[in-house]
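Quick notes on the structure that follows.
The values are calculated or read from the model by the stated rules, or taken from the named source; none is laboratory data. Quick caveat: nothing in here was measured; it's all calculated off a predicted structure. Note that each Cβ is placed from the backbone with ideal geometry, even for glycine, and that neighbours are counted across all protein chains shown.
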Amino acid sequence: MRFYLYFLFLFLASCASSPKLATEAQAQKDSAAAAAEIPKINMAAELAKIDTMLFADSPNATSAHEHYLRALDMLEDGKIMFAELFFKRALAYDPSSNFLLSELIRILLRQNKSDEAFPLLQLAVRSQKATGDDYLFIARIYKEKDMPDSAAANYKRAVDKMKGNFSIVYEYAKLLEITQDFVELKRMYDILLPELDYPNRLLDKQILIYQITNTPDSLLADLLGEAFKANGINYAEYGFLQAQILSALKKYNEANEILLTIFFMTPSKEMSSRVALNIANNYELMDSITVAVIWLERLLATEPENHIAMNNLGYMLIDRDIDIERGITLVDKALSYSPSEPSYLDSKAWGLYKTKKYEEALKIFQQLEASGMNAHELWVHIIAVYEALKMDDKVKEYKAKIGK
């Protein structure tokens, strides 16, 4: 076939010089047919020339460099298919060239030949000289093939190789939203957020990840704080979440400063209640029990049916041996609003333990455990009851749960 095309090219070339065929009358007579055949003739001629260069082992086509230069010429002329052929021949001369391999991959992808590029990309990413583009290209193909795990692994390498390329980070983040790899997705948002001037939608996604993973993060707290400062009370929820994260990081005073700002700014009764509860909780964690009690008493004075405040104050009075009987009364009242609330039942059982009603307390704790409650505080309470009942084997079993 190659020789046929080559001789066809020679034949056409000789015909082009014939005076007979060059006459104006003949040209006009065959114009319609010629117009239809010209693209085919040109392609045949080009293929004949390419075949001659690639396979005749001519002095001008014996090195990877020569073929690479011809490929560049073809690209400059817009002849992508011929450029692909020259790149393939160049790579055949120098199969260890990562540069030529990458160039060939780009040409194939430019022509949407992803299936042909895929095995070459697999070869490229195995090399120690693999580039960020290599990882990015194969990640996109894996994504097209609906192989999200493989796509994510290669996107991650591309991001690490191409630091500062935020469009790739965002592309990777979109995939992570689908695979729900929240830990890695959060890492990508940590990169994106400072660069994008805290866009609300992206920050909201970061917040969602925090709520799912429940992992406190100083950077997120700072971002929330800046959004709150810039927008005031309209962004009170951001400030509130910032305070929660700071509390989780045991920065209680910082958290309370933010909460107090919200408390005195917000017209929302619901927000004020939540803020007061969190302030009281922070003071308790700082061992400032008197201040914590004052905040809860104040809240109940304005909202006598706030059963969360009832339980929190009741538990504090019980746990700190301030007024156990009143504490139990408050917890019982909270339970009348929400009889199955696990935290209220835990408070009730702790009150029973404090009044030495160990069997009754144990029964409630066992019910909570059976319902699926899995909290460090529950194990501590159960251990205390078993110790009071002198059930040493059980004490040992539950201490193992909390790593003691």
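If you go through region 312-336 and keep only what is farther than 13 Å from residue 349 by Cβ and of a type in the set (Ser, Thr, Tyr), you end up with 329, 336. More than 40 Å from the chain's Cα centre (by Cα) and not assigned by TED's automatic domain parsing to the domain that holds residue 387, is that true of residue 322? Spelling it out, it is not the case that residue 322 is more than 40 Å from the chain's Cα centre (by Cα) and not assigned by TED's automatic domain parsing to the domain that holds residue 387.
Would you say residue 129 is of a type outside the set (A, V, I, L, M), surrounded by fewer than 16 Cβ atoms within 10 Å (Cβ to Cβ) and either without any contact (Cβ under 8 Å) to a residue 40 or more places away in the chain or under 22 Å from residue 95 (Cβ atoms) (or both)? Considered against the rule, which asks whether it is of a type outside the set (A, V, I, L, M), surrounded by fewer than 16 Cβ atoms within 10 Å (Cβ to Cβ) and either without any contact (Cβ under 8 Å) to a residue 40 or more places away in the chain or under 22 Å from residue 95 (Cβ atoms) (or both), residue 129 comes out as yes.
Screening residue 287 against (1) on the phi < 0 side of the Ramachandran plot; (2) not assigned by TED's automatic domain parsing to the domain that holds residue 336 leaves a single unmet condition, (1).
Could you list all residues from region 199-214 that are within 21 Å of residue 248 (Cβ to Cβ) and either modelled with pLDDT under 65 or part of a helix (DSSP H, G or I) (or both)? Residues satisfying the conditions are 203, 204, 205, 206, 207, 208, 209, 210, 211, 212, 213. Given the options 282, 311, name the one that is within 35 Å of the chain's Cα centre (by Cα) and either crowded, with 20+ Cβ neighbours inside 10 Å or among the charged types (D, E, K, R) (or both). Being within 35 Å of the chain's Cα centre (by Cα) and either crowded, with 20+ Cβ neighbours inside 10 Å or among the charged types (D, E, K, R) (or both) holds for just one of 282, 311, which is 282. For residue 364, the test of being in a helix (DSSP H, G or I) and either under 40 Å from the mean Cα position of the chain (by Cα) or on the phi < 0 side of the Ramachandran plot (or both) is passed. Answer yes or no: is there a residue in region 369-391 that is under 27 Å from residue 268 (Cβ atoms) and not in a helix (DSSP H, G or I). The answer is no; no qualifying residue exists.
Residues in region 250-285 that are among the hydrophobic types (A, V, I, L, M, F, W, C) and within 19 Å of residue 216 (Cα to Cα): 6 in all. Within region 52-82, the set of residues being part of a helix (DSSP H, G or I), out of contact with any helix residue (DSSP H, G or I) (no Cβ under 6 Å at 6 or more places or on another chain), at pLDDT 75 or above and over 14 Å from residue 100 (Cα atoms) comprises 73, 76, 80, 81.
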